[in-house]
Amino acid sequence: MPQKTLEQRQQRARAYLRAIGPAVEGQSGDETTFRACKVGRRFDLTEAEFLPVLEDWNNTCQPPWRSDALERKLRSTYRNTTVRPGAALGDKHESRVAPVRPADPVY
């Protein structure tokens, strides 16, 4: 399978985030944001490569996360998730290697 460019991986991650939809406070917004943060790993993006994509998604959230809180959530998710980097770029049936642990709480 040919390698995807950074721009292609970011575009695919954006489309995936659109499918997830925005996080809404009082409607499992924290869980939705955790799921959104894992998307970068699924498309083999570093935190720095994924952050601008996540920030665009954050603008759709009600209310949007504060920048520092979103960055902490992303860092925590990357540190604690078991999603295999690039999982969404290969066989769609191999997207998880183990159950996902919850991210650190954001205060």
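The values are calculated or read from the model by the stated rules, or taken from the named source; none is laboratory data. Remember, it's a predicted structure, so these values are computed and weren't measured experimentally. Cβ: placed from backbone, ideal geometry, glycine included. Neighbour counts: every protein chain shown. Accessible surface is based on the protein model in full, side chains and every heavy atom, while ligands, DNA and RNA are left aside. Shrake-Rupley method; radii C 1.70, N 1.55, O 1.52, S 1.80 Å.
Some values worked out for this structure:
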{"read-out": "Label point 7 Å beyond Cα of Glu47 along Cβ direction - residues of the stretch 67-89 with amide nitrogen under 18 Å", "value": "67-86"}
{"read-out": "Packing-based ranking, highest mean first, of 82-89, 3-10 given that Cβ atoms within 10 Å are counted", "value": "82-89, 3-10"}
{"read-out": "Built amide H within the under 5 Å cut-off of Val83, gap 5+", "value": "none"}
{"read-out": "Percent accessible area from carbon and sulfur atoms, the stretch 13-85, protein chains only, probe 1.4 Å", "value": "48"}
{"read-out": "Taking the stretch 17-64 and dividing mean pair separation by its residue count, relative contact order in percent (alpha carbons under 8 Å, at least six apart)", "value": "51"}
{"read-out": "Cubic angstrom per residue, convex hull over Cα atoms of the stretch 1-79", "value": "83"}
